[in-house]
1. Does at least one position in the stretch 187-199 carry a residue that is without any contact (Cβ under 8 Å) to a residue 24 or more places away in the chain and within 19 Å of the chain's Cα centre (by Cα)?
2. Only residues that are more than 24 Å from Thr309 (Cβ to Cβ) and open to solvent by less than 40 Å² (accessible area, probe 1.4 Å): list them for the stretch 190-210, please.
3. Mind listing whichever residues of the stretch 242-268 are open to solvent by 50 Å² or more (accessible area, probe 1.4 Å) and either under 19 Å from Gly203 (Cα atoms) or of a type in the set (A, V, I, L, M) (or both)?
4. Quick one: in the stretch 150-173, which of the residues that are open to solvent by less than 10 Å² (accessible area, probe 1.4 Å), part of a strand (DSSP E or B) and among the aliphatic types (A, V, I, L, M) is nearest to Ser258 (Cα to Cα)?
5. Among (1) more than 10 Å from the ligand (Cβ to nearest atom); (2) open to solvent by less than 10 Å² (accessible area, probe 1.4 Å); (3) of a type in the set (Gly, Ala, Ser), there is one condition Ser215 misses while meeting the rest; what is its number?
6. Among the listed residues Gly94, Gly24, identify the single one that is small (Gly, Ala, Ser), more than 16 Å from the ligand (Cβ to nearest atom) and closer than 24 Å to Gly232 by Cβ.
7. Among the residues of the stretch 174-216, which ones are in a loop (DSSP other than H, G, I, E, B), touching a His at 6+ places or on another chain (Cβ under 9 Å) and closer than 23 Å to Pro276 by Cα?
8. Grab the helices (runs of 4 or more DSSP H) fully contained in the stretch 1-92, keeping just those with 2 or more residues being of a type in the set (A, V, I, L, M) and under 17 Å from the mean Cα position of the chain (by Cα).
Amino acid sequence: MRILVTGGAGLIGSHLCDSLLAQGHEVVCLDNYFTGSKRNIFHLLDSKNFEILRHDIINPVDIEVEQIYNLACPASPVFYQFNPVRTIQANVLGVTNMLELAKRTRARILQASTSEVYGDPRVHPQPEDYWGNVNPIGVRACYDEGKRVAETLMMDYGRQDRVDIRIVRIFNTYGPRMAVNDGRVVSNFIVQALKGEDLRINGNGMQTRSFCFVSDLVRGLVGMMNQDDFRGPVNLGNPRELTILDLARKTIQLTESSASIVHGEAASDDPVRRQPDIALARQILRWEPTIDIDEGLELTIPYFRQQVTS
Ligand code: UDP
């Protein structure tokens with residue numbers, strides 16, 4: 001098949017390109033390089049089945065494809081809040097453009113949604129039928145509400161135009177190829193620990209997240225795309241929940257760092273707890289993560305060690 005991966009030079013996108021090429025598909029990787037990096041796909045340039053397209057999905061694109069993974073959107077709060085109007089445009093105009101492409105080519109389209117659709121959740125862990133608790137006017141709304149609209153557009157193109165849609169809600173994901181300046185907690189903590197700098201926790205560190213290693217996540221994406229009679233939404237994430245303070249301590253221990261932990265101000269609208277309920281993914285996709293946080297950090301730290309020393 002010829003498969004389009006938007007955001008293909010990002011963390012998840014680049015690992016997805018690897019996986020699809022290994023399965024023998026042709027891959028068109030589309031990215032505007034706002035947060036993605038050519039370095040993440042450099043090793044694929046010699047592959048005869050791989051093409052890259054510098055493009056921003058807020059503008060239409062017209063190519064012949066059979067599947068579309070729509071991952072294009074900055075995902076780190078630092079970057080998605082840098083130009084919030086562009087962020088929401090990526091999710092409204094961008095998703096509409098991708099759906100129009102899917103409609104014309106009759107491609108199946110998978111939308112990368114997010115645990116952020118649950119906002120600061122009142123239900124814990126979060127199942128797919130929970131509608132969420134999102135502040136529509138806060139600093140995270142450009143992303144949270146953007147992704148919620150993206151899901152609505154997907155469902156409406158599905159119902160109105162019979163576009164073949166898949167929706168996955170991705171929980172915090174990490175791994176090699178995250179940018180050193182990504183701004184999210186796993187990369188920040190590892191880089192700080194490796195440099196011997198203070199690990200800066202926003203607030204008291206009692207807020208929780210559940211971190212999924214990128215290879216597990218990619219396996220879930222491909223499984224969902226190739227699932228014939230289930231369009232989602234489905235949660236994809238690792239259900240092992242830990243506090244940000246625990247993550248900081250673990251990172252210091254695994255990097256054998258002498259860095260200290262310091263506390264700064266809590267971030268605005270920062271969700272207090274987050275953990276995926278993955279019963280649906282287990283049941284329908286027969287999917288669950290296999291790499292726990294310790295193993296995943298061990299796999300990620302050498303990559304960052306190389307980045308900070310080169
Ligand atoms: N966080 C932190 N220090 C950092 C970066 C993030 O304490 O250097 C906190 C952040 O406030 C949040 C959690 O770690 O509570 C996860 O943040 P991240 O930006 O990685 O992801 P998201 O909030 O989108 O889940």
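1. Yes, because at least one residue in the stretch 187-199 is without any contact (Cβ under 8 Å) to a residue 24 or more places away in the chain and within 19 Å of the chain's Cα centre (by Cα).
2. Correct list: Ile201, Gly203, Gly205, Gln207, Thr208, Arg209, Ser210.
3. Correct list: Asp246, Arg249, Ser260, Ile261, His263, Glu265, Ala266, Ser268.
4. That would be Val168.
5. (2)
6. Going through Gly94, Gly24 in turn, just one is small (Gly, Ala, Ser), more than 16 Å from the ligand (Cβ to nearest atom) and closer than 24 Å to Gly232 by Cβ: Gly94.
7. The answer is Gly175, Pro176, Gly203, Asn204, Gly205.
8. By residue number, 11-22.
The values are calculated or read from the model by the stated rules, or taken from the named source; none is laboratory data. Computed from a predicted model, the values in this text were never measured in an experiment. Positions of Cβ are generated from backbone atoms using ideal geometry, with glycine treated the same way; all protein chains shown enter the neighbour counts. Only protein heavy atoms, including side chains, enter the accessible area calculation; ligands, DNA and RNA are left aside. Shrake-Rupley method; radii C 1.70, N 1.55, O 1.52, S 1.80 Å.
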